[in-house]
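**Student:** Below: one structure in structure tokens.
Please treat every number below as a calculation from the coordinates, not as lab data. Everything quoted here is computed from the prediction, not taken from an experiment. Note: ideal-geometry Cβ built from the backbone for every residue, glycine included; neighbour counts use all protein chains shown.
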């Protein structure tokens, strides 16, 4: 594993093989260097957070993995296949949900399948299953403007799950959701990672959120963005949702990340 | 509106204006304004006469032709220039020029180019209606959320699919607003066309009645025209309200 040297002391467990590999990716926006020579591995079936201060290019990296933005140099591989653009092996969850306001929950959740040409009855059966999984049963016929922010993002999540991509890319999915809903969401995420056996890549600027939900946390530092360290929590990952926030390692990691990030916060 | 605790239906004020019209008409102030009751009697008299039916069909044909052309050409052009920077640079100045140009002055040119028949009238109507439709559609497309476009791409929407399943619907509130204003302008266009190009349809009736000082006939036809334009515009406003719930949250 060629992650940063400092992360080796946390690699006591066996890390699964990578589902996504980012190798030497650089990205410039005119004069601004967003990412410089960034390399990172994303283990299969686990949740990796990209954590860093605003402007550190974490969303840019996520969109490069999604194929929505082209890198200036370097490669992204998903299951060994080079990324040339968006593909059915990845699904995206948007910060502002990006739901169709004129379509009800059922059609929104099924929309990814609709674009893939899945027949109506089939895609609606699949959509109904995922609507149930994210806890929105009974809201199939509701429209996005009738739902709260938290419920809308559940729709966005269900839409991404419904296309059954191996890799889920989540761009600050809970940042437009209120605090209590966010906590509930984070607990649900843990169960989702367990049950879905998918690779999750999760962009956030909340240290607590990253440590709470992640199998692996990549701390990015800005201007230009690079991976400062990769942390793999060991002791609390298998505890139940309510006990994580009291675990000493959880608190230590939060302190440690804050210590390295605080210099970069204006 | 509520008056003395009574809820009045919409446009009740029209009754007051009609009363005023009746009073002015009966006072014999000017031959130009006959009493409105007489206008309506004339109206019921001429509806159904062959001359009126012929005028209605001719005007309706030109109007529907012009509006259909404006919508069928205007909306795709608006979406294209809203999505493509280069096309926008090329076409937008012309749209703005024609939107504010005195189009009536162009009518003689159209007559030279397309003759004195229905074609010229339909084109005149189109020229009156299309620009605002293009401009509004463009505005609608340009305000589409970036993440909506990325959503379409990331789920693998083909360009045509994105066009019909996302961009069109996302821009629909603005498009309908543009079509409503376009339709109102098309009414102007069709009458101007009929007056200047070839004397047919309602234009011919206006010409006939006003030159023979048949004022109640003149007003009757005008009321029919106003009524039709107003109904179409209200219908489109109703459609606009139907999609207004998502206009603010795209």
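Conditions tested, residue by residue: (1) within 25 Å of residue B:118 (Cβ to Cβ); (2) within 14 Å of chain A (Cβ to nearest Cβ); (3) surrounded by 13 or more Cβ atoms within 10 Å (Cβ to Cβ); (4) touching a helix residue (DSSP H, G or I) at 6+ places or on another chain (Cβ under 6 Å).
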position	(1), (2), (3), (4)
B:208	yes, no, yes, no
B:211	yes, no, no, no
B:217	yes, no, yes, yes
B:224	yes, no, yes, no
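**Student:** Hey, another quick one. So, in the range A:105-138, exactly how many residues are within 14 Å of chain B (Cβ to nearest Cβ), surrounded by fewer than 18 Cβ atoms within 10 Å (Cβ to Cβ) and in contact (Cβ under 8 Å) with a residue 24 or more places away in the chain?
**Tutor:** Number of matching residues: 1.
**Student:** Does residue B:216 fit the bill of being assigned to a helix (DSSP H, G or I) and free of Cβ contacts under 8 Å to residues at least 60 places away in the same chain? First the steps, then the outcome.
**Tutor:** On the way: assigned to a helix (DSSP H, G or I): yes; free of Cβ contacts under 8 Å to residues at least 60 places away in the same chain: no.
Here the answer is no, as residue B:216 does not meet what is asked.
**Student:** For the range A:56-99, what are the residues that are away from chain B (no Cβ under 14 Å) and at positive phi?
**Tutor:** A:57, A:74, A:79, A:80
**Student:** Which one is nearest to the other protein chains (Cβ to nearest Cβ) among residues in the range B:134-166 that are within 24 Å of the chain's Cα centre (by Cα) and surrounded by 17 or more Cβ atoms within 10 Å (Cβ to Cβ)?
**Tutor:** B:140
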